[in-house]
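The values are calculated or read from the model by the stated rules, or taken from the named source; none is laboratory data. None of the values given here were measured: they were computed from a predicted structure. Here Cβ is always computed from backbone atoms with ideal geometry, including for glycine, and neighbour counts include all displayed protein chains. To get the accessible areas, we keep the full protein, side chains included, count just its heavy atoms, and leave off ligands, DNA and RNA. Shrake-Rupley method; radii C 1.70, N 1.55, O 1.52, S 1.80 Å.
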Amino acid sequence: MELEVRHLRALCAIADTGSLHKAARQLGVSQPSLTTQLRRIENALGAELFTRGRTGCHPTPLGRSVLSRARPLVDGMAALMTETRAAAARSTEGPALRVGSTASRALPGWLRRLRQGLPGTDIALRVDVSAGTLLRTVAAGRLDLAFVHEVEGFPLRVPDGLQRRVLVDREPQFVSMARSHPAARQEVVDLTDLAHDRWTVDPAVDGEWDGLRRVLGAAGLDPPLLHADYHTAASLIALGEAVAPCQPTSGPRHDMAVRPLRGDPLAVRLLLFAAPGIPLDRPYADLTAAYREAARHAAPYRRWLNAGGRAGPCM
């Protein structure tokens with residue numbers, strides 16, 4: 001078997017995420033398929049490139065050597081494709097802006113303001129649960145902007161050369177639970193009120209699982225953790241099967257309650273990144289206005305802010 005760019009891309013994804021599961025999600029393939037592909041690559045090279053264990057996948061010394069040669073090739077191929085497509089688009093189309101974002105209630109308002117302020121510009125959107133993936137995509141030239149969140153205590157790996165603005169320095173993470181949950185009757189919830197609940201997180205979200213485990217451990221709690229994507233998690237929460245961290249701007253639902261945690265132990269930082277040469281002032285101003293709008297429309301967050309909570313620069 002001869003190595004191809006897709007094989008090198010898979011190795012980089014495994015190394016960047018530290019997990020076959022996360023890498024498979026990032027690449028859009030099944031985990032068994034990626035595991036088989038890795039085994040074939042290692043067989044072709046005649047050596048193990050990653051060690052697998054309970055803490056994830058870690059490159060072996062040989063694996064690090066292979067990765068040091070693979071990354072420039074993967075980045076070079078990505079740049080070639082991006083620049084060629086951009087050149088082709090410029091010859092036939094008008095101006096374009098390629099926006100990436102992790103999930104946020106501020107996103108619709110931001111896109112609306114961008115379109116109003118940039119008439120005639122084709123604005124494309126890519127939403128991804130992985131902030132790291134979006135930043136690497138900006139660095140590779142396939143996105144112009146990326147609005148992402150960084151879990152407190154678990155900084156993102158930011159590629160060199162990107163421009164950065166801080167939207168919110170410390171956004172508290174609230175907790176989402178069933179309307180019938182006893183703690184839903186309280187305005188503010190203690191972690192100990194949820195000591196007997198299962199918690200659900202999406203392991204593909206950079207830092208979320210580790211951040212939650214750190215906060216629960218500091219509180220002396222060790223509840224069962226369920227891994228589920230956003231839609232599955234919402235169903236589990238509404239049925240009373242689990243609780244979950246959530247953004248304070250989360251919208252209301254008849255079957256779920258959103259409450260702040262006492263002391264705000266869980267938090268993220270909201271950041272806007274841009275590729276070199278992309279003007280950042282206007283997108284940042286539009287995003288700031290959209291976030292403020294989303295905060296005003298989220299009653300629990302509005303009450304938290306009115307009670308003296310401080311989220312950061314844009315608030």
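R282 contributes an accessible area of around 120 Å² to the protein surface, as traced by a 1.4 Å probe with all chains present.
Can you give the extra length, in nm with one decimal, that the chain gains between T35 and A219 once fully stretched, where that is 0.36 nm per residue apart less the Cα-Cα distance?
Values: separation 184, 0.36 × 184 = 66.24 nm, distance 3.63 nm.
Separation in residues times 0.36 nm, less the Cα-Cα distance, equals 62.6 nm.
Within the listed set T249, T36, T17, the Gaussian network model of the chain (springs between alpha-carbon atoms below 10 Å) gives the highest mean-square fluctuation for T36. Please give the FRET efficiency for R179 paired with A103, using the beta carbon to beta carbon distance and R0 = 25 Å, rounded to the nearest 0.05. Computed FRET efficiency for R179 and A103: 0.65.
If each Cα of segment 186-293 is one equal point scatterer, what is log10 of I(q)/I(0) from the Debye formula at q = 0.17, 0.21 Å⁻¹? Relative scattering, expressed as log10 I(q)/I(0), comes to -0.91, -1.22. Give me the percent of DSSP beta bridges within segment 165-305 that run antiparallel, rounded to the nearest 5. Here the antiparallel bridges make up roughly 70 percent for segment 165-305. Length gained on full extension, R296 to E241: 16.8 nm, using 0.36 nm per residue less the C-alpha separation. Take H196, project a point 7 Å from its Cα along the Cβ direction, then tell me which residues of segment 168-183 have their backbone nitrogen under 16 Å from it. Correct set: 178, 180-183. Under 10 Å, Cα contacts only: if you run a Gaussian network model on the chain, which one of A47, A233, A70 comes out with the highest mean-square fluctuation? Highest fluctuation of the listed residues: A47. For volume of the Cα convex hull per residue in Å³, the value computed from the atomic coordinates appears in the list [x] 110; [y] 144; [z] 133 under label [y]. For the chain, the solvent-accessible area of protein heavy atoms averages 51 Å² per residue (probe radius 1.4 Å; ligands and nucleic acids excluded).
Where both residues lie in the chain, what percent of DSSP beta bridges are antiparallel, nearest 5? Counting DSSP beta bridges with both partners in the chain, the antiparallel share is about 65 percent.
Averaging Cα coordinates gives a centre for segment 27-86 and one for segment 168-185; these two points are 39 Å apart. Where in segment 1-87 are there trypsin sites (Lys or Arg not before Pro) that are in a DSSP coil and have at most 15 other Cβ atoms within 10 angstrom of their Cβ? The qualifying sites are R54. Our estimate of slack between A289 and V5, defined as 0.36 nm per intervening residue step minus the Cα-Cα distance, is 98.1 nm. A DSSP coil position with no more than 11 other Cβ atoms inside 10 Å describes the following GluC sites (Glu not before Pro) in segment 185-285: E187.
Distance in nm between label sites at H21 and R126, each 7 Å beyond Cα in the beta-carbon direction? Taking the simple label geometry, H21 and R126 are separated by 2.5 nm.
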